[in-house]
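To keep things clear, I will list the structure first and then write my remarks on it.
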Amino acid sequence: MDNNFDVIIIGSGPGGYVCAIRCAQLGFKTACVEMRKTLGGVCLNEGCIPSKSLLNSSEIFHKAQEEFNDLGIEVSNIKLNLSKMMNNKKKSVLTLTKGVEFLFKKNKIIHLKGKGSILDRNTVIVTDDSGKKTSYKTKNIVIGTGSTPASLPEIKIDEKIIVSSTGALIFEEIPKKLIVIGGGYIGLELSSVWKRLGSKVTVIEFLDHIIPGMDKDISAEFLKILNKQGIDFKLDSKVTRVSIVKDKAIVDFTNNKSKKRERVECDKVLVAVGRKSNISADISKLGIKIDDQGKIKVNEKFETSIKNIYAIGDVIDKGPMLAHKAEDEGIAVAEIIAGQAGHVNYDVMPAVIYTSPEVAMVGKTEEQLKKEKIRYKVGKFPFIANSRAKVNSETEGFVKIIADEKTDKVLGVSMISAVAGTMIAELALAMEFGASAEDIARTCHAHPTHSEAVKEAAMAVDKRPIHF
Ligand SMILES: Cc1cc2nc3c(=O)[nH]c(=O)nc-3n(C[C@H](O)[C@H](O)[C@H](O)COP(=O)(O)OP(=O)(O)OC[C@H]3O[C@@H](n4cnc5c(N)ncnc54)[C@H](O)[C@@H]3O)c2cc1C
């Protein structure tokens, strides 16, 4: 193999591997450096995929216990085999990471195994497990090194008792009592998993609401639903200390308003307070500009402050830390390197929480529009009035469509529904095409589907829903 490439991508997460495939499709001689044993980054190995596997299995387990009987499905002696459930998760991860390996071979992408560092704008050094360094020349470099779990200054994650999401995906026993620090999507998805499998779960959140950044109506409704499911919340509370005594953790926290101090003992603490970008020493040494959040600054072409060095995904200062955002950036940057008009629309980027029911949003929230002084109208439709949701006993939640007061253009949609994660794609597409609420209201939706609630919410923008 000669060591000269058109593009070398560092990191094989959803940003990096998708970028590599698009580069190869565009005719570039492409290599992707990955220091982990398997391809696919956080998403496939310890993020989206393993968490969704456990969410799916734990939901079926919960339904088998709580709901099957009412449907006339009589199963007795339902038992949990956690190690089998974990093995099933491992199998899914392995299948998908092998899938990326196959796609690399198919597209003739060279997988460089080891830790990549940038020597200069045309040289990448790869250090393999044995410490051997190999130098590669390239016309372009794409940094897609992703992120790792963040913690709080006073908390040291040991991945045994005090864990990050990585540790919470591989518990060998069900924790009797689990404290989750952080009420964002990762904390709440994993709270759901372990609650369904038998843990007593308490979430401590610094803000006075959960899922920061999402619509406040949705946040309030979601909190009620999770409370009903038996997850406890301590909102508006700051964790001040987590200490380990024997095999237990002691968590101290203080209410921000009342200043009341509390202390709880538990078996495991999950720290889910966000993620920090992976900026290695070489990046700082080269003088690539980093913002005050520790993310690489890029322009609209994903160029860093150094020519020919691009960056995408969780490591950059644009958009949410989500896999599909990284993928879209990976495609865009490959096309930009090829002289095409690669582009990512950050205004239409769906976000989903894969609990039961699911939560999804795209575009702006009411709070954002108020801040931006944009006048809007709202249409809401509850799933209690949707026939398919009723048939399936999935009546929790609603669809909320926000449209411009004058033009009726859809500005944002938020929803809670059993299938919100799937339904949000329709709204993302509508928004990409600049649809009005009226366009959605006049689009024929199949009956009986949860999606009819989308049409009804669009009709409700004009105060004419049929079934509510
Ligand atoms: C528990 C959990 C659940 C999640 N669920 C979802 C979800 O449902 N949907 C969603 O959209 N997002 C989800 N995410 C977020 C998602 O995983 C990330 O946004 C996404 O993986 C970011 O992709 P990336 O390509 O930027 O980097 P990453 O996936 O972080 O991959 C970066 C890769 O680069 C490698 N690397 C780093 N430095 C070097 C180096 N110097 N040399 C070689 N290799 C290097 C790393 O080993 C890693 O494999 C979840 C995250 C977590 C933790």
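The values are calculated or read from the model by the stated rules, or taken from the named source; none is laboratory data. Values in this document were obtained by computation on a predicted structure and should not be read as measured data. A quick note on method: Cβ atoms are made from the backbone with ideal geometry, for glycine too, and the neighbour counts reach across all protein chains shown. The accessibility values were calculated without ligands, DNA or RNA, using every heavy atom of the protein model including side chains. Shrake-Rupley method; radii C 1.70, N 1.55, O 1.52, S 1.80 Å.
General observations
- When the surface is traced with a 1.4 Å probe over the full set of protein chains, residue 383 keeps roughly 0 Å² accessible.
- Residue-normalised accessible area of region 266-326, expressed per residue, 1.4 Å probe, Å²: 44
- 1.4 Å probe accessible area per residue over region 3-110, in Å²: 52
- Near residue 34: Cβ cut-off under 11 Å, other residues only, Lys/Arg at +1 and Asp/Glu at -1. The net charge is +3.
- Region 165-204, accessible area per residue, ligands and nucleic acids excluded (1.4 Å, Å²): 31
- Interchain or long-range residues, amide H under 5 Å from residue 237's placed H: 205, 206, 207, 256
- Neighbours of residue 216, meaning other residues whose beta-carbon lies under 9 angstrom from its beta-carbon, give a summed charge of -4 when Lys and Arg score +1 and Asp and Glu score -1.
- Here region 361-417 and region 94-169 have alpha carbon centers that stand 39 Å from each other.
- Apportionment of accessible area to carbon and sulfur, the chain, percent (1.4 Å): 53
- The 3J(HN,Hα) values that the Karplus relation (6.51, -1.76, 1.60; θ = phi - 60°) gives for region 276-285 are, in residue order, 10, 5, 8, 10, 7, 4, 4, 5, 5, 4 Hz. Gly and Pro appear as x.
- Burial ranking of peptide ranges 239-249, 254-264 (average Cβ count within 10 Å, highest at the top): 239-249, 254-264
- Probe 1.4 Å - accessible area at residue 324, Å² to nearest ten: 70
- Sum of -39500 (n - 2.57) over DSSP H runs of 4+, divided by residues of the chain (222 nm, nearest 500): -9500 deg cm²/dmol
- Straight-line cross-link reach from residue 177 at under 16 Å between alpha-carbon atoms covers these lysines, not counting any fewer than eight positions away in the same chain: 160, 195, 200, 234, 246, 248, 268.
- In percent, rounded to a whole number, the relative contact order of region 54-139 is 14, using alpha-carbon pairs under 8 Å and six or more apart.
- Whole-number D in µm²/s for region 55-166 (Stokes-Einstein; Kirkwood sum over Cα pairs; 37 °C, 0.692 mPa s): 170
- Couplings 3J(HN,Hα) of region 324-332, computed from phi: 5, 5, 4, 4, 4, 5, x, 5, 4 Hz, in residue order, whole Hz [Karplus 6.51 cos²θ - 1.76 cosθ + 1.60, θ = phi - 60°; x for Gly and Pro].
- Virtual spin-label span in nm between residue 103 and residue 38, 7 Å along Cα→Cβ: 1.5
- In order along region 439-450, the phi-based Karplus estimate (6.51 cos²θ - 1.76 cosθ + 1.60, θ = phi - 60°) of 3J(HN,Hα) comes to 4, 5, 4, 9, 8, 6, 10, 4, 10, x, 9, 4 Hz; Gly and Pro are listed as x.
- Stokes-Einstein diffusion coefficient of the chain, Kirkwood radius over Cα pairs, 4 °C, 1.567 mPa s, in µm²/s: 54
- Local net charge near residue 53, Cβ-Cβ under 15 Å (Lys/Arg +1, Asp/Glu -1): +3
- From most to least packed by mean Cβ count within 10 Å, the peptides 149-157, 448-456 give 448-456, 149-157.
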